[in-house]
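A.B. asks: Quick one: the structure is below, and I'll ask about it shortly.
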Amino acid sequence: MNFISKYWAIFRITLINNIAYPGEFIGRSLMIVPFMWIFYQLWKVTFAAAGTDTINSMTLYSTMWYLMMAETIELSRPQLAKTISDNVKDGSIAYILNKPYNFLLYQFSNSMGETIFRAVINAVFGSAVVWWLVGPPPEMLGWAFALLALLGTWAMNFCITCLIGLSAFLVEEVSPFMWIYQKFVFILGGFLIPLDFYPAWLQSIAKALPFAYMIYGPSKLFVAPSMELFVNIVSLQLVWTVVLGAILILAFRRGVAYLTVNGG
């Protein structure tokens, strides 16, 4: 119980700090407003040019609410990889590792405190704009399923971004890896375009990778909730979280051993 309470306290302190000083996060969250407006104009023209109200089971209404959830997820990600990379490069990682807590669990608790606050603010601003543009949000079941799926999204994103940050043990600059990761999320994760609009062969490739279950999964559940889809998305999120988590633990141990051998 003390073990859990320690990391719960870290999460709570980070969340309270963000609530106490919300200016920076609210400013960043306002970016979702022009994004939603631009997406609306683009997709309104797309549906008009197609001469139909529905494309691959998606309407303008469902597309906009899908993109609101996708934007909320993407804009809520903290710069964890950069933080860990900076700790490795400036040598403070050696001091941090001597603290009486597990490094990975500390980073997870801290990042979740920041992520949840960002997500709430993004959802508020994004929902207000999309509600004004296309109408009220989907049914409550969509909110419930999406919220549960977001837990898997955040866990998977933590594993990947933490792995990228820890790569600073071997390389000096990790920003190129973050750029590549971001582009995979944008294209194969369904961030810019819902996977429903992709050709079947590309959908198969995207759904064989973890990125689709980080953006497309929760966003699709939000606008088209069903128990079958929910079970499919959450079970695959669990599988990918276990795989990525195992790789992360191995990489962390190798990194710490590398640091120790080199006198860190």
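Please treat every number below as a calculation from the coordinates, not as lab data. Fair warning: this is a prediction, and the values are worked out from it, not measured in the lab. With ideal geometry, Cβ positions are generated from the backbone for all residues, glycine too; neighbour counts draw on all protein chains shown.
A.B. asks: How large is Rg/Rh for region 185-241, to two decimals, with Cα atoms and a Kirkwood Rh? Write down the numbers at each step before the final one.
C.D. replies: On the way: Rg = 10.4 Å, Rh = 11.2 Å.
Over the Cα atoms of region 185-241, Rg/Rh equals 0.93.
A.B. asks: Another question, then. Using each residue's phi in region 64-80, evaluate 6.51 cos²θ - 1.76 cosθ + 1.60 at θ = phi - 60° and report the 3J(HN,Hα) Karplus result to the nearest Hz, with x for Gly and Pro.
C.D. replies: 5, 5, 4, 5, 4, 5, 4, 5, 4, 5, 5, 6, 8, 6, x, 7, 5
A.B. asks: Same structure again: Work out how much length residue 128 to residue 172 would gain on full extension: take 0.36 nm times their residue separation and subtract the Cα-Cα distance, in nm to one decimal. Please list the in-between numbers first.
C.D. replies: Numbers: separation 44, 0.36 × 44 = 15.84 nm, distance 4.18 nm.
So the extension gain works out to 11.7 nm.
A.B. asks: Go through 188, 67, 200 and say which Cα lies farthest out towards the positive end of the charge dipole of the chain; charges sit on Cβ, +1 for Lys and Arg, -1 for Asp and Glu.
C.D. replies: Among 188, 67, 200, the one farthest towards the positive end of the dipole of the chain is 188.
A.B. asks: Any idea how far the Cα center of region 44-58 sits from the one of region 74-137, in Å?
C.D. replies: 35 Å
A.B. asks: Another question, if that's okay. What is the angle, in °, between the Cα long axis of helix 175-188 and the longest principal axis of the Cα atoms in the chain? Nearest 10 is fine, range 0 to 90.
C.D. replies: The two axes meet at around 30 degrees.
A.B. asks: Note the full-extension length gain between residue 238 and residue 48 as 0.36 nm times their separation in residues minus their Cα-Cα distance, in nm to one decimal.
C.D. replies: Numbers: separation 190, 0.36 × 190 = 68.40 nm, distance 3.90 nm.
That pair, residue 238 and residue 48, stretches by 64.5 nm at full extension.
A.B. asks: What ³J(HN,Hα) values, in whole Hz, does the Karplus curve 6.51 cos²θ - 1.76 cosθ + 1.60 give for region 241-248 when θ = phi - 60°, with x put for Gly and Pro?
C.D. replies: Residue by residue, region 241-248 yields 5, 5, 5, 5, x, 5, 5, 4 Hz.
A.B. asks: In addition: Could you give me the percent of Cα pairs per 5 Å distance bin for the chain, shortest bin first, beginning at zero and ending with the bin that holds the maximum distance?
C.D. replies: That works out to 1, 6, 12, 16, 18, 16, 13, 8, 5, 3, 1, 1, 0, 0, in percent per bin.
A.B. asks: Tell me the relative contact order for region 1-156 as a rounded percent, counting alpha carbon contacts under 8 Å between residues six or more apart. Don't skip to the answer; put the middle values down first.
C.D. replies: On the way: 106 pairs, mean separation 62.0, N = 156.
So the answer I get is 40 percent.
A.B. asks: If exposed GluC sites (Glu not before Pro) are those in a DSSP loop with at most 12 other Cβ within 10 Å, what is the longest stretch of the chain that has none? Before the final figure, lay out the partial values.
C.D. replies: On the way: sites that count: 139, 172, 173.
Here the longest run is 1-138.
A.B. asks: A further question follows. Would you calculate the volume per residue, in Å³, of the smallest convex hull containing every Cα atom of region 161-264?
C.D. replies: Values: hull volume 10.7 nm³, N = 104.
For region 161-264, the hull spanned by Cα atoms encloses 103 Å³ per residue.
A.B. asks: A further question follows. Which listed residue (250, 235, 110) has the Cα farthest towards the positive end of the charge dipole for the chain, taking +1 on Lys and Arg C-beta and -1 on Asp and Glu C-beta about the Cα centre?
C.D. replies: With unit charges placed on the Cβ atoms, the residue in question is 250.
A.B. asks: Just grab the label-to-label distance for residue 4 and residue 95, each label 7 Å out from Cα along the Cβ direction, in nm (one decimal).
C.D. replies: 3.3 nm
A.B. asks: Quick check on the chain: helices-only [θ] at 222 nm, where DSSP H runs of length 4 and up contribute -39,500 (n - 2.57) each and the sum goes over total residues. Nearest 500, please.
C.D. replies: Numbers: 12 runs with 200 residues, N = 264.
Dividing the helical sum by the residues of the chain leaves -25500 deg cm²/dmol.
A.B. asks: Can you tell me the relative contact order of region 2-261? Whole percent, Cα pairs under 8 Å, sequence separation 6 or more. Working shown, then result.
C.D. replies: Details: 279 pairs, mean separation 68.3, N = 260.
The value is 26 percent.
A.B. asks: Treating only the Cβ atoms of Lys and Arg (+1) and Asp and Glu (-1) as charged, compute the dipole magnitude of region 2-261 about its Cα centre; round to the nearest 20 debye. Don't skip to the answer; put the middle values down first.
C.D. replies: On the way: 14 positive and 12 negative charges, 100 e Å.
Dipole magnitude for region 2-261 comes out near 480 debye.
A.B. asks: Also, I was wondering about something else. Decide, for region 99-220, between rounded, prolate and oblate: order the square roots of the alpha carbon gyration tensor eigenvalues as a ≥ b ≥ c, take rounded if a/c falls under 1.5, and otherwise choose prolate if a/b is larger than b/c, else oblate.
C.D. replies: Numbers: a/c = 2.14, a/b = 1.33, b/c = 1.61.
Here region 99-220 falls in the oblate category.
A.B. asks: Karplus couplings for region 202-216 from phi (6.51 cos²θ - 1.76 cosθ + 1.60, θ = phi - 60°), rounded to Hz, Gly and Pro as x?
C.D. replies: 6, 4, 4, 5, 4, 7, 8, 10, x, 4, 5, 8, 9, 10, 4
A.B. asks: I've got another one for you. My understanding is that a pair violates if its Cα-Cα distance is over 23 Å; which of 183/220; 89/183; 82/207 do that in this structure? Mind dumping the intermediate values first?
C.D. replies: Working: 183/220 20 Å; 89/183 25 Å; 82/207 28 Å.
With Cα atoms farther than 23 Å apart: 89/183; 82/207.
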